[in-house]
Amino acid sequence: MALENKINIKTVDVSKVNFFIPLCYENALITYGDTVKLEFRTGFISAWDFNYIEKKDSEKMGETIFDNYNLLDSMSKYCNLHCKFVEISKVDELLEIIDSNLQKKLPTIIHIDSYYAPWSPIYGRTHTDHVGLVCDHNKKKKEIYIIDPGNSSEIKIINYDFLAEASKFYLYMDISNVTNKSKDFLKLYYFSNETKIKFITKIKDFAYTFKNKFSPVKEFENPNDVNNVLDSDMVIQIRKIIVGRNLFLVYLDSIKEEEKQFEKVIELLTVSISKWNMIINLFVKLAISGWSNNINEKIANILYNIAEIEERAYEWLLKYIEDFNYNEKFEIIVENLQSYPLDLTKYFNNKGFTEESCIQNLDFTQTGEYFIVLKQFCNERIQINDIEFKINIQKNLDNIVCLGQEIIVSTNKIFKGICILCASEWGSNYDDIIINSGDNNYDVCINAFNISIIDQKDSIYFGKTISADGKCINEKAALTFNKYLFNKGINIERISLPYSPNLHIIAITFLL
């Protein structure tokens with residue numbers, strides 16, 4: 001049955017990533033703001049943050065990291081939006097607030113405990129402080145119509161009994177003096193404040209301590225239980241760090257005046273987000289397969305890489321702030337491109353791909369897992385999207401696990417672009433490869449998909465990954481095709497790979 005909601009609410013999902021991050025209040029606030037035609041995204045300006053305080057009395061590293069970002073405080077400071085949580089003991093009190101707001105054509109953000117919400121993925125399992133927006137009230141039927149922007153854009157119908165069980169508070173909103181000076185605040189916050197440089201140093205400090213002190217036995221109550229690991233302080237804090245970077249990207253999107261404005265900042269912070277999430281993926285992987293001896297060094301190297309990437313992002317941000325109209329101009333070359341496949345044989349350090357008839361000595365993920373591909377990928381040369389690649393799947397080693405290596409390019413040819421064939425182990429990677437051309441460097445951001453990506457336009461083949469004992473780990477693992485065209489023909493000296501142990505490079509081809 002179609003419902004006529006008194007307030008036309010257009011739901012907003014502020015997630016910029018392809019994996020779960022908790023954005024309940026952020027989605028609700030931005031959906032509210034867009035509904036009443038007020039811009040609240042400026043409140044995300046200070047969300048890019050990190051802090052680390054070494055605690056000698058604590059054995060858990062997750063208790064030493066946090067961010068200083070507070071959503072409601074930031075909304076108050078940068079948007080002049082004043083809101084607070086108000087507890088409700090009686091349904092009638094909440095209905096009175098809802099009706100008062102509806103008369104003013106305003107939605108109401110109310111508590112919706114997911115435990116009681118049939119449409120929630122965690123219905124009947126976990127109590128939460130989740131929220132939704134009320135858009136109408138039918139007093140005769142004793143029904144409330146709500147929108148839950150985190151889960152669906154469809155109107156949900158709840159009754160008074162539901163409110164009595166699931167709604168213990170609402171969010172009071174004072175929007176009378178909301179302002180929006182987002183560009184002014186950007187310059188003020190990032191030019192006059194050394195916060196970014198300080199927290200980049202903090203990430204390096206955390207990496208150093210992690211390498212020397214981290215212990216899965218001390219960090220997690222049960223290091224071999226995935227749910228226990230995911231519920232740990234460490235993972236919860238990393239997700240908050242990811243949320244902050246995601247929100248800052250949402251803010252940049254809201255103020256850019258041209259398509260490519262802030263492009264480098266957005267690309268590099270997206271890479272950083274992927275690497276923070278990679279740490280969670282590694283924890284999950286090791287909880288399942290067993291903890292390796294080199295995990296401290298591996299994650300510490302990822303953290304050092306994150307610090308370097310975020311420092312570059314900050315430098316690009318300052319460049320954009322100095323000249324708000326700054327924009328790199330690109331004249332992409334697309335005609336008459338020819339393939340120049342690289343021979344990566346001497347750089348291969350992993351054997352992980354096969355057709356089903358041959359599964360010996362494979363170790364795609366360092367746990368005996370292997371990736372099954374079609375027979376056509378076992379040819380020495382293959383064509384993908386009219387690009388020729390040189391691959392090595394029938395040989396002893398067939399891919400590069402990215403550990404910060406440099407690939408030397410021994411030719412004086414002038415190249416117009418690069419194509420990369422890659423895969424990801426656990427989860428999905430978004431990373432950057434640096435193309436070194438004399439005095440100039442090019443950042444080439446690449447995707448490597450594995451699971452849970454809806455739009456797989458860059459995936460050219462889905463295979464499956466199998467564990468050493470024959471169990472199917474992922475029925476839709478992907479080989480991913482990435483193409484990047486330079487703004488001019490360049491001579492390339494070397495390719496700098498990222499430190500990204502979940503990312504596997506299968507082939508690289510330059511375009512002439």
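For a quick check of your reading of the model, give me the residue pairs whose first member lies in the range 99-126 and is in contact (Cβ under 8 Å) with a residue 60 or more places away in the chain and within 26 Å of G33 (Cβ to Cβ), whose second is in a loop (DSSP other than H, G, I, E, B) and open to solvent by 60 Å² or more (accessible area, probe 1.4 Å), with beta-carbon atoms closer than 9 Å and at least 6 apart or on different chains.
Every condition considered, the pairs that remain are L102/K6; K105/K6.
Could you check I9 against (1) over 28 Å from I321 (Cα atoms); (2) free of Cβ contacts under 8 Å to residues at least 12 places away in the same chain and say which number it fails?
Of (1) over 28 Å from I321 (Cα atoms); (2) free of Cβ contacts under 8 Å to residues at least 12 places away in the same chain, only one is false for I9: (2).
Which residue is least open to solvent (accessible area, probe 1.4 Å), if the candidates are limited to the range 345-377 and must be at pLDDT below 80 and of a type in the set (G, A, S)?
Filtering first and then ranking leaves G368.
Looking only at residues in the range 287-308 that are within 21 Å of A468 (Cα to Cα) and in contact with a Pro (Cβ under 7 Å, 6 or more places away or on another chain), which one is most open to solvent (accessible area, probe 1.4 Å)? Let's see the steps before the verdict.
Step one: of the range 287-308, the residues within 21 Å of A468 (Cα to Cα) are 287-295.
If we keep only those that are in contact with a Pro (Cβ under 7 Å, 6 or more places away or on another chain) too, we end up with 287, 291.
On the way: A287: 7, W291: 54 Å².
Top of the filtered list is W291.
For the range 281-300, check the following and say yes or no: at least one residue is acidic (D, E) and closer than 18 Å to K202 by Cβ. I'd like the intermediate steps shown before the answer.
Of all residues in the range 281-300, those acidic (D, E) come to 297.
Next, from what is left, pick out any that are closer than 18 Å to K202 by Cβ: none.
Checked against the condition, which is being acidic (D, E) and closer than 18 Å to K202 by Cβ, the range 281-300 yields no hits at all.
Based on this model, can you work out whether T11 counts as part of a helix (DSSP H, G or I), in contact with a Pro (Cβ under 7 Å, 6 or more places away or on another chain) and not aromatic (F, W, Y)? Talk me through it step by step, then tell me what you get.
Numbers: part of a helix (DSSP H, G or I): no; in contact with a Pro (Cβ under 7 Å, 6 or more places away or on another chain): yes; not aromatic (F, W, Y): yes.
In short, no.
Every residue in the range 486-512 that is within 22 Å of N385 (Cα to Cα), open to solvent by 10 Å² or more (accessible area, probe 1.4 Å) and at pLDDT 85 or above, please.
Once the filter is applied, which keeps residues that are within 22 Å of N385 (Cα to Cα), open to solvent by 10 Å² or more (accessible area, probe 1.4 Å) and at pLDDT 85 or above, the range 486-512 yields only L512.
Against the definition (of a type in the set (G, A, S) and either modelled with pLDDT of 95 or more or in contact with a His (Cβ under 7 Å, 6 or more places away or on another chain) (or both)), how does S76 come out, yes or no? Steps first, please.
Working: of a type in the set (G, A, S): yes; either modelled with pLDDT of 95 or more or in contact with a His (Cβ under 7 Å, 6 or more places away or on another chain) (or both): yes.
Judged against the criteria, S76 is a match.
Kindly evaluate Y314 against the criterion of being touching a helix residue (DSSP H, G or I) at 6+ places or on another chain (Cβ under 7 Å), over 15 Å from L403 (Cβ atoms) and modelled with pLDDT of 85 or more. Steps first, answer last, please.
Values: touching a helix residue (DSSP H, G or I) at 6+ places or on another chain (Cβ under 7 Å): yes; over 15 Å from L403 (Cβ atoms): yes; modelled with pLDDT of 85 or more: yes.
Yes, satisfied.
Within the range 221-236, is even one residue polar (S, T, N, Q) and under 12 Å from the mean Cα position of the chain (by Cα)? Step through it out loud before you land on a result.
To start, the set of residues in the range 221-236 that are polar (S, T, N, Q) comprises 222, 224, 227-228, 232.
Going one step further and asking which of them are under 12 Å from the mean Cα position of the chain (by Cα), we end up with none.
No, the range 221-236 has no match at all.
Are any residues in the range 483-497 in contact with a Lys or Arg (Cβ under 9 Å, 6 or more places away or on another chain) and either free of Cβ contacts under 8 Å to residues at least 60 places away in the same chain or of a type outside the set (A, V, I, L, M, F, W, C) (or both), and if so, which ones?
Going through the range 483-497, the residues in contact with a Lys or Arg (Cβ under 9 Å, 6 or more places away or on another chain) turn out to be 485-492.
Within the range 483-497, N487, K488, G489, N491 meet the criteria.
Open to solvent by 50 Å² or more (accessible area, probe 1.4 Å) and not hydroxyl-bearing (S, T, Y): does that describe N27? Outline the logic, then answer.
On the way: open to solvent by 50 Å² or more (accessible area, probe 1.4 Å): no; not hydroxyl-bearing (S, T, Y): yes.
The answer is no for N27.
Take the conditions farther than 29 Å from K16 by Cβ, at pLDDT 85 or above and charged (D, E, K, R) and apply them to E335. Does it pass?
Working: farther than 29 Å from K16 by Cβ: yes; at pLDDT 85 or above: no; charged (D, E, K, R): yes.
When the stated conditions are applied, E335 does not pass them.
What is the number of the single condition among (1) modelled with pLDDT under 75; (2) of a type in the set (A, V, I, L, M, F, W, C); (3) assigned to a strand (DSSP E or B) that L421 does not meet?
(1)
Tell me which residues, restricted to the range 39-73, are more than 29 Å from E311 (Cβ to Cβ) and exposed (fewer than 15 other Cβ atoms within 10 Å of the Cβ).
D57, E59, listed by residue number.
The values are calculated or read from the model by the stated rules, or taken from the named source; none is laboratory data. From a predicted model like this one, the values you see are computed outputs, not experimental measurements. Because the Cβ atoms are built from the backbone with ideal geometry, glycine has one as well, and the counts that use them run over all protein chains shown. These area figures cover heavy atoms from the full protein model, side chains too; ligands, DNA and RNA do not enter into them. Shrake-Rupley method; radii C 1.70, N 1.55, O 1.52, S 1.80 Å.
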